[in-house]
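Contents: one structure, followed by commentary.
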Amino acid sequence: MSIILVVIIAVVAWAVGTYNGLVAMRNRVSNGWAQIDVQLKQRSDLIPNYVQTVKGYASHENEVLTQVIRARAGAVAAAHNPNANAVERAAAENALSRALFNLQATAEAYPQLQANQNFLQLQAQLTQIEQRIAYSRQFYNDVVLKYNTKVQTVPSNIIAGMFNFLQAEYFQVDQASRQVPQVRF
């Protein structure tokens, strides 16, 4: 009788420990996403000033400027959409990254703009934010990997299935972002 009680207590302790571990990992995934979100918001807030500065020197580059404005609007809309998942959000942010890259490449053709202190400061801030976004994405994807592994592997997948722990989505680069952007002057 006491052996059965010990086995039951061990199984319950394992189940509780596994459940708590899954909850902790799910919370780390949520935290990782929140960290990405903070960096993306900072980038989004910086873009209007950046566009206006470039516009002052390269006003006839309307196509590139419009592309950035539209991509930013799409990223902001995805950020405010409570139904947007990580894949949709990543696609919107990747489109914005491509548009910003094209804008930066276009700006290089304007020496006066390159000498403008406001532009240089905005460009430095944008570069720092992009680096933090890259780090945050890496951290998030690392946490998602650990969480998904725990959700999928035996025996923790039993508890994950019983309590509806779903796999998290990676923050991935879309196919369009993998191609080298074409910049024309």
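The values are calculated or read from the model by the stated rules, or taken from the named source; none is laboratory data. Because the structure is a prediction, the values reported are computed rather than measured. For neighbour counting, all protein chains shown are included, and Cβ atoms are generated from backbone atoms with ideal geometry for every residue, glycine included. Just the protein is used for accessible areas: all its heavy atoms, side chains included, with ligands, DNA and RNA removed. Shrake-Rupley method; radii C 1.70, N 1.55, O 1.52, S 1.80 Å.
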Could you give every pair whose Cβ atoms fall below 7 Å, whose first residue belongs to the range 25-45 and is over 23 Å from LEU126 (Cα atoms), and whose second residue is open to solvent by 50 Å² or more (accessible area, probe 1.4 Å), counting only separations of at least 6 or pairs across chains?
MET25/LYS146; MET25/LYS150
Give just the number: which of (1) touching a Lys or Arg at 6+ places or on another chain (Cβ under 7 Å); (2) open to solvent by 40 Å² or more (accessible area, probe 1.4 Å) does VAL12 not satisfy?
(1)
Test: LYS146 is modelled with pLDDT of 90 or more, buried (at least 19 other Cβ atoms within 10 Å of the Cβ) and of a type outside the set (Ser, Thr, Tyr)
no
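Which of the following residues is surrounded by 19 or more Cβ atoms within 10 Å (Cβ to Cβ) and modelled with pLDDT of 90 or more: LEU166, LEU126?
Details: LEU166 fails: surrounded by 19 or more Cβ atoms within 10 Å (Cβ to Cβ).
Of the residues listed, the single one that is surrounded by 19 or more Cβ atoms within 10 Å (Cβ to Cβ) and modelled with pLDDT of 90 or more is LEU126.
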Filter the range 70-123 for residues that are open to solvent by 60 Å² or more (accessible area, probe 1.4 Å) and of a type in the set (D, E, K, R); which is nearest to ALA168 (Cα to Cα)?
GLU88
Contacts under 8 angstrom Cβ, first residue in the range 47-60 being closer than 14 Å to ALA124 by Cα and of a type in the set (S, T, N, Q), partner open to solvent by less than 20 Å² (accessible area, probe 1.4 Å) and part of a helix (DSSP H, G or I), 6 or more apart
ASN49/LEU122; THR53/LEU113; THR53/PHE119; THR53/LEU122
If I ask for residues that are touching a residue at least 12 places away in the same chain (Cβ under 8 Å) and open to solvent by 60 Å² or more (accessible area, probe 1.4 Å), which ones from the range 15-24 would you list?
TYR19
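Is at least one residue of the range 25-46 over 23 Å from GLN138 (Cβ atoms), of a type outside the set (S, T, N, Q) and part of a helix (DSSP H, G or I)?
No, the conditions are met nowhere in the range 25-46.
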Does ALA99 satisfy being in contact (Cβ under 8 Å) with a residue 12 or more places away in the chain, within 16 Å of VAL51 (Cα to Cα) and not in a helix (DSSP H, G or I)?
no
Could you go through the range 58-73 and let me know if any residue there is basic (Lys, Arg), modelled with pLDDT under 90 and part of a helix (DSSP H, G or I).
no
